[in-house]
1. Only one residue in 315, 266, 324, 273 is surrounded by 14 or more Cβ atoms within 10 Å (Cβ to Cβ), on the phi > 0 side of the Ramachandran plot and more than 16 Å from ligand 2 (Cβ to nearest atom), so which one is that?
2. Among 112, 122, 133, which is the only one that is surrounded by 15 or more Cβ atoms within 10 Å (Cβ to Cβ) and in contact with a strand residue (DSSP E or B) (Cβ under 7 Å, 6 or more places away or on another chain)?
3. Select, from 284, 212, 197, the only residue that is more than 21 Å from residue 12 (Cα to Cα), part of a loop (DSSP other than H, G, I, E, B) and more than 23 Å from the chain's Cα centre (by Cα).
4. Can you tell me which of 39, 60 is part of a loop (DSSP other than H, G, I, E, B), touching a strand residue (DSSP E or B) at 6+ places or on another chain (Cβ under 8 Å) and touching a residue at least 12 places away in the same chain (Cβ under 8 Å)?
5. Return yes or no: is residue 244 away from ligand 1 (no atom under 15 Å from the Cβ), within 22 Å of the chain's Cα centre (by Cα), crowded, with 16+ Cβ neighbours inside 10 Å and on the phi < 0 side of the Ramachandran plot?
6. Can you tell me which residue among 15, 43 is closer than 30 Å to residue 198 by Cα, surrounded by 14 or more Cβ atoms within 10 Å (Cβ to Cβ) and more than 16 Å from ligand 2 (Cβ to nearest atom)?
7. Among the residues of region 135-154, are any without any contact (Cβ under 8 Å) to a residue 24 or more places away in the chain and outside any helix (DSSP H, G or I)?
Ligand code: SAM
Ligand code: SF4
């Protein structure tokens, strides 16, 4: 079994696969006008199976399905069952806006989904509507509760930290995890091609959360080598945890363990990189597997040591819905 390594000896055991670019929300920082691109031509079920098989044979152990909004795919449960059946995939997760999770959670669990990340930027209906352009706050909250009831290994909530919108009221998020075994992870707003003005207005560093946590007696948890970029905090009186994902902090890329494939089959080496290696021509037939694996391994040599966000270079991602954030 090969293992995917880059020139900096980082190993890539985690793949994030976007299954659609389409989304039904209009998050202010992502798709403020809603999704306006092509709604067809995303990887088909057999292509997804071949792709995941190749990555699994190269050492991928964890797979996350994302988008756009992955649950908008009519064949999403088929996708889940298919990738779950690929040998060596040990953990299957998804990231969702949860608009239909209350309805789907049981079926997702039965199909083999292990873990769910839910995006939730506000804990109050009006704030939620303001940020996402969507009125289904109650449905999203019901989706979170259902995910807990169904017993996913881990339920995480992603909250993009937004100056003047949700950075002044961190306490309700802490309260949210007092009884619930959920990790709420605050993510620093990232600069993309489409969000310059918004970024300048709303970006706020994760240190704000860290200071609030330390003041309230939360403690940073030791991190395993395989952990992702979140620094997590725990507190004896709370069932859940609070995490911080700060891509603008030094050393963020040192532990990078992930690769991305876009919904049209582009291998994306860095969220903030430029261009991608088109894997699609090698996804047409089962007998292309070895060629596909060789192409993936070769492409990895182009991965740089770190992003260049500090120099104002955020790559060519227009918004994270296009790359599977
Ligand atoms: N639609 C799904 C969702 O929202 O969970 C999956 C795709 S979405 C692009 C994945 C994650 O990226 C979400 O948690 C979202 O909040 C986050 N995201 C999108 N744009 C971002 C940005 N500019 N900076 C930081 N996080 C962003
Ligand atoms: Fe859609 Fe997710 Fe982007 Fe919000 S963050 S617009 S839910 S893709």
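1. Working: 266 fails: on the phi > 0 side of the Ramachandran plot; 324 fails: more than 16 Å from ligand 2 (Cβ to nearest atom); 273 fails: on the phi > 0 side of the Ramachandran plot.
Criteria check complete, one pass: 315.
2. Values: 122 fails: in contact with a strand residue (DSSP E or B) (Cβ under 7 Å, 6 or more places away or on another chain); 133 fails: in contact with a strand residue (DSSP E or B) (Cβ under 7 Å, 6 or more places away or on another chain).
Residue meeting the stated conditions: 112.
3. None of the other options fit; the residue is 284.
4. Details: 39 fails: touching a strand residue (DSSP E or B) at 6+ places or on another chain (Cβ under 8 Å).
Unique residue meeting the criteria: 60.
5. On the way: away from ligand 1 (no atom under 15 Å from the Cβ): no; within 22 Å of the chain's Cα centre (by Cα): yes; crowded, with 16+ Cβ neighbours inside 10 Å: yes; on the phi < 0 side of the Ramachandran plot: yes.
No, not satisfied.
6. Result of the check over 15, 43: 15.
7. Yes - at least one qualifying residue is present in region 135-154.
Where a number appears in this text, it was derived from the coordinates with a stated rule and is not lab data. Fair warning: this is a prediction, and the values are worked out from it, not measured in the lab. Positions of Cβ are generated from backbone atoms using ideal geometry, with glycine treated the same way; all protein chains shown enter the neighbour counts.
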